[in-house]
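What follows is one structure encoded as structure tokens, with my remarks underneath.
The values are calculated or read from the model by the stated rules, or taken from the named source; none is laboratory data. This is a predicted model, so every value here is computed, not measured. Glycine also receives a Cβ, built like all others from the backbone with ideal geometry; neighbour counts cover every protein chain displayed.
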Amino acid sequence: MQTVFPAFDAAYWQARYATPGRAGWDAGRITPPMRAYFDQLPVNQEFRILIPGAGRAYEAEYLHRLGFRHVVVADLAAEPLAALAARVPDFPKENLQQADFFALSPPKPFDLVIEQTFVSALDPALRPAYARQCAALLRPSGKLVGLLFDAEFAGATEPPFGGSREEYAAYFQPYFEFVHFDTAHNSLPARAGRELFICLQKR
């Protein structure tokens, strides 16, 4: 029988960010696998990037400083978006969206969607819908790139939730070609061996 979790809504996440010690997923900086991936991307000011469930969005900050100008961050809670705006005052305010990822309907599709702890923040029952929405938000041949926890967190009753590569593969396979789907070799020490680096291309 599938576990039914309470709604992890905007109020829930706002409270977690406001409570010391309750944002343990926040690394305080961009993670090495994502930095390495971004460093090899040719800077294109027309390239459209979405970071859903972005949290304090160190990835968005890094991309912005590299020169990408169409980086959209979306999060249910206001606090992490305010934190990004405070760190990066010239980040475009219109690209800070307090919004439900599943309700996003942009005027133009994205070239790239970045996954960084968002899947682990969702009710696991929403994972098939997550894969479907990522595909819907991307242009043909657009990519979904990021990190997934490749570990089960037994007994978890709230985020973060773990998972396995077999589970994730089943969700993504209908929509994506698998360019890279393997254990990250350059994770933060605390996450070493427990992260899956993915690079998936929309069919």
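Just one of the listed residues (F68, F47) is at pLDDT 90 or above, of a type in the set (A, V, I, L, M, F, W, C), surrounded by fewer than 20 Cβ atoms within 10 Å (Cβ to Cβ) and over 14 Å from the mean Cα position of the chain (by Cα), namely F47. Screening G163, G155 for residues that are surrounded by 14 or more Cβ atoms within 10 Å (Cβ to Cβ), under 21 Å from D123 (Cβ atoms) and of a type outside the set (V, I, T) leaves exactly one candidate, G163. Where strands (runs of 3 or more DSSP E) sit wholly within the range 113-203, those with at least 3 residues that are under 14 Å from the mean Cα position of the chain (by Cα) occupy 138-149, 195-202. Entry remark, the range 146-163: residues being under 22 Å from I51 (Cα atoms) and small (G, A, S) number 3 in total. Suppose the filter is over 29 Å from H180 (Cα atoms) and either at pLDDT 95 or above or buried (at least 20 other Cβ atoms within 10 Å of the Cβ) (or both); does A82 pass it? Criteria not met by A82.
The sole residue among A36, A11, A15, A7 that is at pLDDT below 85 and of a type in the set (A, V, I, L, M, F, W, C) is A7. State whether the residues of the range 91-112 include one that is surrounded by 17 or more Cβ atoms within 10 Å (Cβ to Cβ), within 21 Å of A27 (Cβ to Cβ), touching an Asp or Glu at 6+ places or on another chain (Cβ under 7 Å) and not acidic (D, E). No, that holds for no residue.
Just to be sure, is K143 basic (K, R), under 20 Å from A54 (Cβ atoms) and surrounded by 13 or more Cβ atoms within 10 Å (Cβ to Cβ)? Spelling it out, K143 is indeed basic (K, R), under 20 Å from A54 (Cβ atoms) and surrounded by 13 or more Cβ atoms within 10 Å (Cβ to Cβ).
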